[in-house]
Amino acid sequence: MQKTITNKDIFKLIESWAPKNYAYDWDNIGLQVGSYNKPVKKIMITLDVLEPVVDEAIANGVDLIIAHHPLLFKPLKLLNIDHWRGRIIKKLIQHDISVYAAHTNLDVAEGGVNDMLSDLLGLVDKEILTDVNQESLFKIAVFTPETHVENVVDAISKEGAGHIGKYSHCTFQSNGTGTFMPLEGTTPFIGQQNQLERVKETKIETIVPESILHQVIESMIAAHPYEEVAYDVYPLQNPGKKYGIGRVGSLPEALTLRDFAEKVKGAYNMSHVRVIGELTKKVKRVAVLGGSGEKYLYPAVQKKADVYITGDMTFHQAQEALEMGLAVIDAGHYIEHVMKAGTKTYLDRKLREMGSISQEIEIRLSEVNTDPFQYQ
(Lines give C-alpha, C1' and ligand atoms only; values in the text may rest on other atoms or scores of the structure.)
Protein backbone atom coordinates (compact mmCIF):
# COMPACT_ATOMS: atom_id res chain seq x y z
CA MET A 1 0.00 0.00 0.00
CA GLN A 2 1.38 3.41 -0.99
CA LYS A 3 2.34 5.61 1.93
CA THR A 4 0.76 9.04 2.22
CA ILE A 5 3.32 11.80 2.73
CA THR A 6 2.38 14.09 5.61
CA ASN A 7 3.77 17.34 6.95
CA LYS A 8 5.56 15.33 9.62
CA ASP A 9 7.49 13.41 6.94
CA ILE A 10 8.65 16.68 5.33
CA PHE A 11 9.58 18.16 8.72
CA LYS A 12 11.66 15.06 9.44
CA LEU A 13 13.60 15.56 6.20
CA ILE A 14 14.32 19.20 7.03
CA GLU A 15 15.32 18.42 10.62
CA SER A 16 17.74 15.71 9.50
CA TRP A 17 19.50 18.53 7.64
CA ALA A 18 18.93 21.39 10.09
CA PRO A 19 18.25 19.81 13.52
CA LYS A 20 16.13 21.85 15.91
CA ASN A 21 18.84 21.87 18.57
CA TYR A 22 21.02 23.90 16.18
CA ALA A 23 18.69 26.89 16.61
CA TYR A 24 19.39 29.73 19.03
CA ASP A 25 17.31 29.53 22.21
CA TRP A 26 15.49 32.79 21.37
CA ASP A 27 14.33 31.46 18.01
CA ASN A 28 10.87 30.06 17.27
CA ILE A 29 11.27 27.33 14.68
CA GLY A 30 9.27 24.35 13.53
CA LEU A 31 5.52 24.16 12.96
CA GLN A 32 3.94 27.62 13.17
CA VAL A 33 0.41 26.99 11.91
CA GLY A 34 -1.35 23.78 10.92
CA SER A 35 -1.01 20.06 11.58
CA TYR A 36 1.76 17.47 11.69
CA ASN A 37 -0.54 14.83 10.20
CA LYS A 38 -1.94 16.72 7.21
CA PRO A 39 -1.24 14.96 3.88
CA VAL A 40 0.86 17.12 1.59
CA LYS A 41 0.96 17.28 -2.20
CA LYS A 42 2.12 20.86 -2.85
CA ILE A 43 4.89 22.69 -1.00
CA MET A 44 5.94 26.32 -1.43
CA ILE A 45 9.24 27.72 -0.16
CA THR A 46 9.58 31.36 0.83
CA LEU A 47 11.88 33.63 2.79
CA ASP A 48 9.01 35.39 4.62
CA VAL A 49 5.34 34.63 5.27
CA LEU A 50 3.63 37.87 4.24
CA GLU A 51 0.03 38.26 3.08
CA PRO A 52 0.89 38.31 -0.67
CA VAL A 53 2.84 35.07 -0.13
CA VAL A 54 -0.17 33.43 1.51
CA ASP A 55 -2.42 34.67 -1.33
CA GLU A 56 0.05 33.11 -3.78
CA ALA A 57 -0.12 29.83 -1.84
CA ILE A 58 -3.93 29.87 -1.89
CA ALA A 59 -4.01 30.55 -5.64
CA ASN A 60 -1.71 27.59 -6.29
CA GLY A 61 -3.39 25.08 -3.98
CA VAL A 62 -0.39 24.81 -1.66
CA ASP A 63 -0.66 22.54 1.40
CA LEU A 64 2.57 23.53 3.18
CA ILE A 65 4.66 26.71 3.27
CA ILE A 66 8.28 26.31 4.33
CA ALA A 67 9.77 29.65 5.42
CA HIS A 68 13.12 30.85 6.69
CA HIS A 69 11.83 33.69 8.85
CA PRO A 70 9.22 32.58 11.42
CA LEU A 71 5.73 33.98 11.04
CA LEU A 72 5.28 33.70 14.82
CA PHE A 73 8.59 35.06 16.05
CA LYS A 74 7.08 36.38 19.28
CA PRO A 75 4.20 34.83 21.27
CA LEU A 76 0.72 36.01 20.29
CA LYS A 77 -1.25 37.72 23.05
CA LEU A 78 -4.39 37.95 20.93
CA LEU A 79 -5.50 37.07 17.42
CA ASN A 80 -6.88 40.25 15.89
CA ILE A 81 -7.96 39.56 12.30
CA ASP A 82 -7.93 43.31 11.58
CA HIS A 83 -4.14 43.19 12.08
CA TRP A 84 -1.98 41.97 9.19
CA ARG A 85 -0.65 38.95 11.08
CA GLY A 86 -4.16 38.02 12.23
CA ARG A 87 -5.41 38.20 8.62
CA ILE A 88 -2.59 35.92 7.53
CA ILE A 89 -3.34 33.32 10.20
CA LYS A 90 -7.06 33.45 9.37
CA LYS A 91 -6.37 32.81 5.69
CA LEU A 92 -3.99 29.95 6.49
CA ILE A 93 -6.53 28.23 8.71
CA GLN A 94 -9.43 28.81 6.30
CA HIS A 95 -7.47 27.25 3.43
CA ASP A 96 -5.88 24.50 5.53
CA ILE A 97 -2.32 25.63 4.78
CA SER A 98 0.41 24.72 7.24
CA VAL A 99 3.50 26.86 7.89
CA TYR A 100 6.89 25.58 9.02
CA ALA A 101 9.98 27.69 9.78
CA ALA A 102 13.65 26.68 9.63
CA HIS A 103 15.56 29.77 10.75
CA THR A 104 18.80 29.88 12.77
CA ASN A 105 19.05 26.09 12.61
CA LEU A 106 19.21 26.41 8.81
CA ASP A 107 21.75 29.23 9.14
CA VAL A 108 24.00 26.97 11.22
CA ALA A 109 23.45 23.69 9.33
CA GLU A 110 26.07 22.29 6.99
CA GLY A 111 24.88 23.11 3.49
CA GLY A 112 22.46 25.68 4.97
CA VAL A 113 22.02 29.37 4.29
CA ASN A 114 25.58 30.48 5.04
CA ASP A 115 27.09 27.69 2.99
CA MET A 116 24.73 28.59 0.14
CA LEU A 117 25.86 32.22 0.32
CA SER A 118 29.57 31.37 0.40
CA ASP A 119 29.29 28.74 -2.33
CA LEU A 120 27.67 31.26 -4.69
CA LEU A 121 30.84 33.34 -4.31
CA GLY A 122 33.07 30.37 -5.04
CA LEU A 123 34.82 30.46 -1.67
CA VAL A 124 37.30 27.66 -0.95
CA ASP A 125 38.83 26.29 2.26
CA LYS A 126 35.74 27.24 4.24
CA GLU A 127 35.43 27.16 8.01
CA ILE A 128 32.91 28.28 10.62
CA LEU A 129 32.98 32.00 11.46
CA THR A 130 32.06 31.50 15.11
CA ASP A 131 31.20 28.30 17.00
CA VAL A 132 27.73 27.94 18.49
CA ASN A 133 28.10 24.55 20.14
CA GLN A 134 29.55 21.07 19.88
CA GLU A 135 27.25 18.16 19.29
CA SER A 136 26.96 15.49 21.99
CA LEU A 137 27.59 11.91 20.94
CA PHE A 138 25.90 8.71 22.13
CA LYS A 139 26.52 5.02 21.70
CA ILE A 140 23.64 2.67 20.90
CA ALA A 141 23.95 -1.04 21.61
CA VAL A 142 21.12 -3.21 20.27
CA PHE A 143 20.69 -6.98 20.57
CA THR A 144 19.51 -8.51 17.30
CA PRO A 145 18.90 -12.07 16.07
CA GLU A 146 21.63 -13.06 13.62
CA THR A 147 19.11 -13.27 10.78
CA HIS A 148 18.33 -9.52 10.97
CA VAL A 149 21.71 -7.93 11.65
CA GLU A 150 22.11 -6.59 8.12
CA ASN A 151 18.59 -5.08 8.12
CA VAL A 152 19.15 -3.25 11.40
CA VAL A 153 22.63 -1.99 10.47
CA ASP A 154 21.35 -0.71 7.13
CA ALA A 155 18.36 1.06 8.75
CA ILE A 156 20.39 2.91 11.39
CA SER A 157 23.18 3.76 8.95
CA LYS A 158 20.75 5.34 6.50
CA GLU A 159 19.60 7.62 9.33
CA GLY A 160 23.20 8.75 9.90
CA ALA A 161 24.36 6.49 12.74
CA GLY A 162 27.85 5.02 12.51
CA HIS A 163 29.40 7.90 10.59
CA ILE A 164 33.01 8.53 11.63
CA GLY A 165 34.83 11.06 9.47
CA LYS A 166 34.33 10.04 5.85
CA TYR A 167 33.30 6.47 6.78
CA SER A 168 29.73 5.23 7.13
CA HIS A 169 28.19 1.99 8.49
CA CYS A 170 30.75 1.91 11.31
CA THR A 171 29.68 -0.70 13.90
CA PHE A 172 31.20 -3.25 16.25
CA GLN A 173 29.42 -6.59 16.41
CA SER A 174 29.83 -9.36 18.97
CA ASN A 175 27.94 -12.64 19.15
CA GLY A 176 26.30 -14.22 22.15
CA THR A 177 23.15 -15.84 23.48
CA GLY A 178 20.04 -13.93 24.39
CA THR A 179 17.44 -15.32 26.79
CA PHE A 180 13.82 -14.35 27.28
CA MET A 181 10.45 -15.85 28.19
CA PRO A 182 7.34 -14.57 26.36
CA LEU A 183 4.52 -14.06 28.87
CA GLU A 184 0.74 -13.96 28.47
CA GLY A 185 -0.44 -11.39 25.92
CA THR A 186 2.75 -11.43 23.82
CA THR A 187 3.15 -12.29 20.15
CA PRO A 188 6.81 -13.33 20.03
CA PHE A 189 8.82 -13.37 16.80
CA ILE A 190 10.72 -16.33 18.21
CA GLY A 191 9.56 -18.81 20.86
CA GLN A 192 6.41 -19.81 22.71
CA GLN A 193 4.59 -18.23 25.63
CA ASN A 194 5.82 -19.30 29.06
CA GLN A 195 8.86 -21.10 27.66
CA LEU A 196 12.40 -19.85 28.22
CA GLU A 197 14.12 -19.22 24.89
CA ARG A 198 17.81 -19.07 24.06
CA VAL A 199 18.58 -17.31 20.78
CA LYS A 200 21.86 -16.63 18.96
CA GLU A 201 22.04 -12.85 18.86
CA THR A 202 24.47 -10.17 17.75
CA LYS A 203 25.17 -7.08 19.80
CA ILE A 204 25.48 -4.14 17.39
CA GLU A 205 27.23 -1.07 18.75
CA THR A 206 27.54 2.25 16.95
CA ILE A 207 27.96 5.97 17.53
CA VAL A 208 25.13 8.48 17.03
CA PRO A 209 25.03 12.31 17.16
CA GLU A 210 22.40 13.70 19.53
CA SER A 211 20.59 15.54 16.73
CA ILE A 212 19.54 12.29 15.03
CA LEU A 213 19.29 10.00 18.07
CA HIS A 214 15.49 9.90 18.06
CA GLN A 215 15.25 9.12 14.33
CA VAL A 216 17.90 6.40 14.60
CA ILE A 217 16.06 4.69 17.45
CA GLU A 218 12.77 4.88 15.53
CA SER A 219 14.31 3.31 12.41
CA MET A 220 16.14 0.70 14.48
CA ILE A 221 12.92 -0.44 16.14
CA ALA A 222 11.07 -0.47 12.81
CA ALA A 223 13.74 -2.71 11.23
CA HIS A 224 14.03 -5.04 14.23
CA PRO A 225 11.88 -8.20 14.25
CA TYR A 226 11.29 -8.39 18.00
CA GLU A 227 8.09 -7.21 19.62
CA GLU A 228 10.18 -5.66 22.41
CA VAL A 229 13.59 -4.43 21.29
CA ALA A 230 16.41 -4.61 23.84
CA TYR A 231 18.85 -1.74 23.45
CA ASP A 232 21.04 0.58 25.53
CA VAL A 233 21.98 4.24 24.99
CA TYR A 234 25.16 5.65 26.55
CA PRO A 235 26.38 9.27 26.59
CA LEU A 236 29.97 9.57 25.37
CA GLN A 237 32.81 11.92 26.25
CA ASN A 238 34.13 11.85 22.66
CA PRO A 239 34.14 15.35 21.15
CA GLY A 240 31.33 15.73 18.62
CA LYS A 241 31.23 17.89 15.55
CA LYS A 242 31.36 21.63 16.11
CA TYR A 243 28.67 23.73 14.48
CA GLY A 244 28.36 27.46 14.24
CA ILE A 245 27.11 30.58 12.50
CA GLY A 246 28.65 32.19 9.41
CA ARG A 247 31.43 30.97 7.15
CA VAL A 248 34.94 32.16 6.26
CA GLY A 249 36.78 31.18 3.10
CA SER A 250 39.02 32.46 0.35
CA LEU A 251 38.51 33.65 -3.19
CA PRO A 252 40.53 31.81 -5.83
CA GLU A 253 42.27 35.12 -6.52
CA ALA A 254 42.27 38.55 -4.91
CA LEU A 255 39.92 41.26 -6.20
CA THR A 256 39.55 44.93 -5.45
CA LEU A 257 36.76 45.71 -3.04
CA ARG A 258 34.97 47.50 -5.88
CA ASP A 259 35.12 44.46 -8.18
CA PHE A 260 34.20 42.12 -5.38
CA ALA A 261 31.10 44.21 -4.56
CA GLU A 262 30.01 43.74 -8.18
CA LYS A 263 30.57 40.01 -7.84
CA VAL A 264 28.41 39.95 -4.71
CA LYS A 265 25.58 41.80 -6.47
CA GLY A 266 25.63 39.31 -9.32
CA ALA A 267 25.87 36.24 -7.11
CA TYR A 268 22.93 37.26 -4.92
CA ASN A 269 20.88 38.96 -7.64
CA MET A 270 20.90 42.29 -5.81
CA SER A 271 20.76 45.69 -7.52
CA HIS A 272 22.58 47.55 -4.74
CA VAL A 273 24.90 46.90 -1.82
CA ARG A 274 26.41 49.25 0.78
CA VAL A 275 30.19 49.15 0.95
CA ILE A 276 32.41 50.11 3.89
CA GLY A 277 36.11 50.49 3.16
CA GLU A 278 38.58 51.64 0.52
CA LEU A 279 37.30 50.51 -2.88
CA THR A 280 40.79 49.88 -4.26
CA LYS A 281 41.72 47.58 -1.35
CA LYS A 282 42.53 44.02 -2.42
CA VAL A 283 40.37 41.35 -0.76
CA LYS A 284 40.81 37.59 -0.79
CA ARG A 285 39.70 36.16 2.57
CA VAL A 286 35.94 36.57 2.95
CA ALA A 287 33.56 36.17 5.89
CA VAL A 288 29.85 35.68 5.19
CA LEU A 289 26.88 35.75 7.55
CA GLY A 290 23.32 36.02 6.26
CA GLY A 291 20.80 38.15 8.13
CA SER A 292 21.71 40.72 10.78
CA GLY A 293 25.41 40.21 11.37
CA GLU A 294 26.81 43.40 12.82
CA LYS A 295 27.47 41.64 16.15
CA TYR A 296 30.04 39.42 14.48
CA LEU A 297 32.58 42.00 13.35
CA TYR A 298 35.16 40.81 15.89
CA PRO A 299 35.00 37.12 14.86
CA ALA A 300 35.51 38.23 11.24
CA VAL A 301 38.61 40.18 12.29
CA GLN A 302 39.86 37.29 14.43
CA LYS A 303 39.52 34.95 11.43
CA LYS A 304 41.65 37.44 9.44
CA ALA A 305 38.91 38.26 6.92
CA ASP A 306 39.64 41.08 4.49
CA VAL A 307 35.95 41.69 3.88
CA TYR A 308 32.75 40.72 5.68
CA ILE A 309 29.39 40.25 3.92
CA THR A 310 26.25 40.55 6.01
CA GLY A 311 23.09 42.64 6.39
CA ASP A 312 21.60 45.34 8.59
CA MET A 313 24.80 47.21 9.49
CA THR A 314 24.14 50.30 11.62
CA PHE A 315 26.06 53.58 11.43
CA HIS A 316 28.29 53.21 14.48
CA GLN A 317 29.10 49.57 13.81
CA ALA A 318 30.10 50.57 10.28
CA GLN A 319 32.47 53.16 11.74
CA GLU A 320 33.88 50.53 14.08
CA ALA A 321 34.58 48.22 11.13
CA LEU A 322 36.44 51.05 9.41
CA GLU A 323 38.56 51.65 12.51
CA MET A 324 39.45 47.94 12.66
CA GLY A 325 40.44 47.89 9.00
CA LEU A 326 37.68 45.44 8.05
CA ALA A 327 35.90 46.08 4.76
CA VAL A 328 32.18 45.31 4.91
CA ILE A 329 29.58 44.74 2.24
CA ASP A 330 26.09 45.19 3.60
CA ALA A 331 24.13 43.31 0.98
CA GLY A 332 20.93 43.43 3.03
CA HIS A 333 18.91 40.86 4.90
CA TYR A 334 17.18 39.80 1.69
CA ILE A 335 20.26 37.91 0.41
CA GLU A 336 18.92 35.02 2.47
CA HIS A 337 16.41 34.46 -0.35
CA VAL A 338 19.01 32.00 -1.69
CA MET A 339 17.53 29.53 0.80
CA LYS A 340 14.50 29.05 -1.45
CA ALA A 341 16.36 27.35 -4.31
CA GLY A 342 18.74 25.58 -1.92
CA THR A 343 15.91 24.10 0.14
CA LYS A 344 14.05 22.97 -2.97
CA THR A 345 17.18 21.23 -4.28
CA TYR A 346 17.61 19.43 -0.97
CA LEU A 347 13.98 18.31 -0.69
CA ASP A 348 13.81 17.23 -4.33
CA ARG A 349 16.84 15.00 -3.76
CA LYS A 350 15.54 13.50 -0.51
CA LEU A 351 12.11 12.86 -2.02
CA ARG A 352 13.67 11.14 -5.03
CA GLU A 353 15.49 8.86 -2.61
CA MET A 354 12.14 7.92 -1.12
CA GLY A 355 11.04 6.58 -4.52
CA SER A 356 7.52 6.17 -5.85
CA ILE A 357 5.77 7.25 -2.63
CA SER A 358 6.96 10.81 -3.20
CA GLN A 359 6.46 11.17 -6.95
CA GLU A 360 3.33 13.29 -6.58
CA ILE A 361 4.92 15.94 -4.34
CA GLU A 362 5.26 19.30 -6.11
CA ILE A 363 7.67 21.89 -4.76
CA ARG A 364 7.52 25.48 -5.96
CA LEU A 365 9.36 28.65 -5.04
CA SER A 366 7.40 31.71 -4.02
CA GLU A 367 7.60 34.39 -6.71
CA VAL A 368 6.77 37.21 -4.28
CA ASN A 369 9.63 39.60 -3.55
CA THR A 370 9.49 40.18 0.21
CA ASP A 371 12.35 42.71 0.33
CA PRO A 372 10.80 45.85 1.92
CA PHE A 373 13.45 48.19 0.50
CA GLN A 374 13.42 50.02 -2.83
CA TYR A 375 16.31 51.97 -4.31
CA GLN A 376 15.89 55.21 -6.25
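Sorted from largest down, what three extents in whole angstroms do the Cα atoms of region 172-308 have along their principal axes?
84, 30, 27
To the nearest 20 debye, what is the magnitude of the charge dipole of the chain about its Cα centre, counting +1 on the Cβ of each Lys and Arg and -1 on the Cβ of each Asp and Glu? Walk me through the intermediate numbers first.
Values: 40 positive and 49 negative charges, 109 e Å.
So the magnitude is around 520 debye.
Among ILE93, VAL149, LEU326, whose Cα lies farthest out toward the positive end of the dipole of the chain, if unit charges sit on the beta carbon of Lys, Arg (+1) and Asp, Glu (-1)?
Farthest towards the positive pole: LEU326.
Give the residues of region 126-152 whose amide nitrogen is closer than 18 Å to a point set 7 Å from the Cα of ILE221 in the direction of its Cβ.
139-145, 152
So what is the orientation-averaged projected area of region 120-164, using the convex hull of its C-alpha atoms, in nm²?
Working: hull surface 22.4 nm².
With every direction weighted equally, the projected area is 5.6 nm².
Could you give the dipole magnitude of region 109-199 about its Cα centre, charging the beta-carbon of Lys and Arg +1 and that of Asp and Glu -1, in debye to the nearest 20?
Numbers: 5 positive and 13 negative charges, 72 e Å.
Its charge dipole is roughly 340 debye.
Averaging the inverse of every distinct alpha carbon separation and then flipping it gives the Kirkwood radius. What is it for region 108-182, in angstrom units?
Taking every pair of different Cα atoms in region 108-182, averaging 1/r and inverting gives 16.3 Å.
Of VAL33, THR4, ALA18, which is farthest along the charge dipole of region 1-52 in the positive direction, counting Lys and Arg as +1 and Asp and Glu as -1 at C-beta?
My answer, from the dipole projection, is THR4.
Of all chymotrypsin sites (Phe, Trp or Tyr not before Pro) in region 128-191, which ones are in loop regions per DSSP and have a Cβ with at most 16 other Cβ atoms within 10 Å?
Qualifying residues, ordered by number: PHE189.
Which percent, to the nearest 5, of DSSP beta bridges fully inside region 215-321 are antiparallel?
Here the share of antiparallel DSSP bridges comes out near 60 percent.
Give a residue-ordered list of calculated ³J(HN,Hα) values for region 312-321 (Karplus: 6.51 cos²θ - 1.76 cosθ + 1.60, θ = phi - 60°; whole Hz; x for Gly, Pro).
Going residue by residue, I get 6, 6, 9, 4, 6, 5, 5, 4, 5, 4 Hz, with x marking Gly and Pro.
Using Cα-Cα distances under 8 Å and only pairs 6 or more residues apart, what relative contact order does region 255-352 have, in percent? Walk me through the numbers on the way to the answer.
Working: 150 pairs, mean separation 28.8, N = 98.
Value for region 255-352: 29 percent.
Please list, by residue number, everything in region 254-277 whose backbone N is under 15 Å from a paramagnetic label point 7 Å out along Cα→Cβ of TYR375.
In region 254-277, the label zone of TYR375 (backbone N under 15 Å from the point 7 Å along Cα→Cβ) covers 258-276.
Calculate the FRET efficiency for THR256 and ILE190 from the Cβ-Cβ distance with a Förster distance of 56 Å, rounded to the nearest 0.05.
Numbers: r = 72 Å, r/R0 = 1.29.
After rounding to 0.05, the efficiency reads 0.20.
Relative to the present Cα-Cα distance, how much length would full extension add between LYS20 and ALA230 at 0.36 nm per residue of separation? If you can, show how the numbers build up before the last one.
Details: separation 210, 0.36 × 210 = 75.60 nm, distance 2.76 nm.
Stretched fully, the LYS20-ALA230 segment lengthens by 72.8 nm.
At q = 0.16, 0.20, 0.32 Å⁻¹, what log₁₀ I(q)/I(0) does region 235-284 have when each alpha carbon counts as one equal point scatterer in the Debye sum?
-0.59, -0.79, -1.21
Taking a spot 7 Å from the Cα of ASP55 along the direction of its beta carbon, which residues of region 82-107 have an amide N less than 15 Å from it?
84-85, 87-89, 91-92
Would you calculate the convex hull of the Cα atoms in region 335-376 and tell me its volume per residue in Å³? Don't skip to the end; give the middle numbers.
Working: hull volume 2.7 nm³, N = 42.
Hull volume over Cα atoms, normalised by residue count, gives 64 Å³.
When the solvent-accessible surface of protein heavy atoms is calculated with a 1.4 angstrom probe, in what order do TRP26, TRP17 fall, highest first?
Numbers: TRP26 130, TRP17 35 Å².
So, going from the largest accessible area down, we get TRP26, TRP17.
Quick one: in the chain, what % of C-alpha pairs are over 31 Å apart? Walk me through the numbers before you get to the answer.
Details: 33965 of 70500 pairs.
Roughly 48 percent, once rounded to a whole number.
Could you tell me which residue out of GLY249, ILE276, VAL233 lies farthest along the dipole of region 136-280 toward its positive end? Charges go on the beta carbon: Lys and Arg +1, Asp and Glu -1, centred on the Cα centre.
Projecting each Cα onto the dipole axis, the largest value belongs to ILE276.
What's the center-to-center distance, using Cα atoms, between region 120-195 and region 322-376 in Å?
33 Å
Could you compute the FRET efficiency for HIS83 and LYS12, with r as their C-beta to C-beta distance and R0 at 30 Å, rounded to 0.05? Working shown, then result.
Values: r = 33 Å, r/R0 = 1.10.
Computed FRET efficiency for HIS83 and LYS12 comes out at 0.35.
Starting with the highest mean, order 144-150, 305-311 by the number of other Cβ atoms within 10 Å, averaged over the residues of each peptide.
Numbers: 144-150: 16.4, 305-311: 25.7.
Highest mean packing first, the order is 305-311, 144-150.
Over the Cα atoms of region 236-376, how large are the radius of gyration and the largest Cα-Cα distance (Dmax), in Å?
18.3, 58
Put a dot 7 Å past each Cα toward the Cβ at LYS42 and SER174; how far apart are the dots in nm?
5.7 nm
Using only C-alpha positions, report the orientation-averaged shadow area of the convex hull of region 1-110, nm², one decimal.
Working: hull surface 30.0 nm².
So the mean shadow area of the Cα hull is 7.5 nm².
Which of the aspartates and glutamates could a cross-linker span from LYS303 if the Cα-Cα distance has to be under 14 Å and same-chain partners fewer than 8 positions apart are dropped?
Partners found: ASP125, GLU127, ASP131.
How about LYS263: which aspartates and glutamates have a C-alpha closer than 15 Å to its C-alpha, ignoring those fewer than 8 places off in the same chain?
Answer for LYS263, where 15 Å is the Cα cut-off: ASP119, GLU253, ASP330, listed by chain and number.
Calculated FRET efficiency, ASP312 and LEU183, Cβ-Cβ r, R0 51 Å, to nearest 0.05?
On the way: r = 63 Å, r/R0 = 1.24.
So the FRET efficiency works out to roughly 0.20.
The values are calculated or read from the model by the stated rules, or taken from the named source; none is laboratory data. Quantities reported herein were computed from a predicted structural model and do not represent experimental measurements. So basically every Cβ, Gly included, is an ideal-geometry build from the backbone, and we count neighbours across all protein chains shown. What goes into the accessible areas is simple: the full protein's heavy atoms, side chains included, and nothing from ligands, DNA or RNA. Shrake-Rupley method; radii C 1.70, N 1.55, O 1.52, S 1.80 Å.
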